[in-house]
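Reading through the structure tokens given below for one structure.
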Amino acid sequence: MPTSKQPQPVVLADPLHNHTEHVLGMLFDQMPMGVVIFDRQFCLVRYNPTWAGHLFRYTHVTEAELIPGLSFFDLIPDAREQLLPIFERVLTGERFHQDGIELVADGIRSWWNLALEPIPNGETGPCGILGVSTDMTDQVLAEVELRRTQQRTEQQVTERTHELMSIIAVQQALASHLQANEVLQLIADESRRLTHTDLSALFLPDDEGLALAVMSSAYPVDIQPGYRMSKTDSVTGRAFVTGEVQRVADTRTAAVRFDPAATQQAHVKSILSIPLMSDGQAVGVLSVGNREGKPLGEEEERLLTLFVPSAVIALRNVRLYEQARETAAAAERGRLARDLHDAVTQTLFSASLTAEVLPRIWQRDPNEGMKRLEKLRELTRGALAEMRTLLLELRPTALTETPLYDLLRQLAEGIAGRTRIHIEVQVNNRCALPADMQIALYRIAQEALNNVAKHSNASQASVVLSFEPRQIQLQVRDNGCGFDPATTSTRQLGLRIMSERAEAIRASLRVDTAIGAGTTVTVVCEEPHPSAASPVRAVR
């Protein structure tokens, strides 16, 4: 029997085949990533323009040298050591992917996101390698530059913070010193330290020019304070007159005239002079200099400019302090003169009159003479006590070195000798007091007894100081006319001053008084340093 013929497969023509390959070829060529195909010998089979552009950018390979069929490692021998092991692993069927891989070819460094895929060939294994790469070099370099910028910024912030801390420390140091010599020397020392220079000098104006006030140097300099620089014929003088910063890179070649003696003795090669300005006027000049090294420039000027305001404030504070001290000394001299006139002088005058008439009275009536003699003794004793009190005022430390009982007794004797008021001082127990508490209690007693002498018309008064285990009490009492708290100004009697002194040691102050009933001032300290203070109260 004839066998039946097997049906043959019908092959239909694919009209889209050519078009599909064309489209794939277009995609291959236009992809933004670099795409390359290697055979098993790592020779170029095909690559797109992006991959070629990467090769041209990061190697010395030219377009004429790049042709299919060439070994990749012949084109880029520098990449063999790094990439050959990877390529060989891919030919075993392993996939490779790594981001940010660093490559160095022809001395040019670059970074890539790299993916390598084996190209299968049925059962015989991969027949080649498909490589896809994305250029990350610009991004990596930008990140590196960003990190460097951040590091520089952090370093600058650290440096500026250190500078500001140094300036603050200098300001605190300057504020803690009020003696002129100490402040001036501190300005010179700190300006040299901040600018890391070899020498610094502070000049202040006088009638003859600019006088060297202080100097700070890292080496011996044979120039003494008081040395004068010309205001018109020196760099320092120019800074003072113009109010502008003066910089000289090299004193040996500069066209500016220098004081030859100062330049020779200071051995300064580079100079930076900054005027100290206050209210638009130069009050001095601060100069720094280097013997060797780079010339002083903008960095040193910036640092010194930061420092100068503190120096100006310090100089102003010193002057104000000296003026205040002179004013206070003048006021104190005036007060002592008034006290001498009002107290000691009048007492001595009374004693002098009594002494003049005493012989005649004694001849006429010895008993009366004895009375006048006792009065003379009281007057001279009172004058002596008041003189001692005034001497204590001239030596304030004596108020803390002398026991409080002795201070109160001397105070009472002085006022009693002047006013003829009998004042009794009593102290129950004794103990050492903190300096601030002793001074405050003494001043309150002094103010209260002065009120007794001036306003009370009393014949007797008492001062009682009591020390208890947890309480200290001071009481000043008189049998005078008293006053009406509702109509009498507390300022007139110094009650406000006494209240403020009591509050300063956290004590309570009480004033008991009424018209015709005398006055009692009581101060109570619960402890040496109690925690509460009470305001002054006046009680009928």
Rounded, prolate or oblate (a/c below 1.5 giving rounded, otherwise prolate when a/b exceeds b/c) for region 397-539 by Cα gyration tensor: oblate
Share of alpha-carbon pairs per 5 Å distance bin for region 26-135, given as whole %: 2, 12, 22, 28, 22, 10, 3, 1, 0
Set of aspartates and glutamates near K294 by C-alpha distance (under 15 Å), chain-local residues within fewer than 8 positions excluded: D198, D250
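Provide H162, H54, H422 in ascending order of the number of other Cβ atoms located within 10 Å of each residue's Cβ, fewest first. Can you show the working numbers first?
Numbers: H162 10, H54 20, H422 13.
Fewest to most other Cβ atoms nearby, the residues stand as H162, H422, H54.
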Inter-probe distance in nm under a simple model that places probes 7 Å from Cα toward Cβ, at E368 and H60: 13.5 nm
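Provide the packing ranking of 495-501, 398-404, 366-372, i.e. peptides ordered by the mean count of other C-beta atoms within 10 Å per residue, highest first.
Highest-to-lowest ranking by the protection proxy: 495-501, 398-404, 366-372.
Arranged by the count of other C-beta atoms within 10 angstrom, fewest first, what order do M229, M136, M33 take? Working shown, then result.
Details: M229 22, M136 18, M33 15.
Neighbour counts put them in this order, fewest first: M33, M136, M229.
As an exercise, identify the trypsin sites (Lys or Arg not before Pro) in region 29-136 lying in DSSP coil whose Cβ has no more than 10 other Cβ atoms within 10 Å.
Values: sites: R40, R46, R57, R80, R89, R95, R109; in loops: R40, R95.
Here the sparse-neighbourhood loop sites are R95.
Give, rounded to the nearest 20 debye, the magnitude of the charge dipole that region 26-135 has about its Cα centre when Lys and Arg contribute +1 at Cβ and Asp and Glu contribute -1 at Cβ. Working shown, then result.
Numbers: 7 positive and 15 negative charges, 20 e Å.
Dipole magnitude for region 26-135 comes out near 100 debye.
Using Cβ counts within 10 Å as a stand-in for footprinting exposure, how do D39, D138, D29 rank, fewest first?
Ordered by Cβ neighbours within 10 Å, fewest first: D138, D29, D39.
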Computed lengthening from R40 to N457, 0.36 nm per intervening residue step minus Cα-Cα distance: 137.4 nm
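Read the figures in this text as sums done on the coordinates, not as results from a lab. What you see is a predicted model; the values in this text were computed from it and never measured. Heads up, the Cβs are rebuilt from the backbone with ideal geometry, glycines too, and the neighbour counts pull from every protein chain shown.
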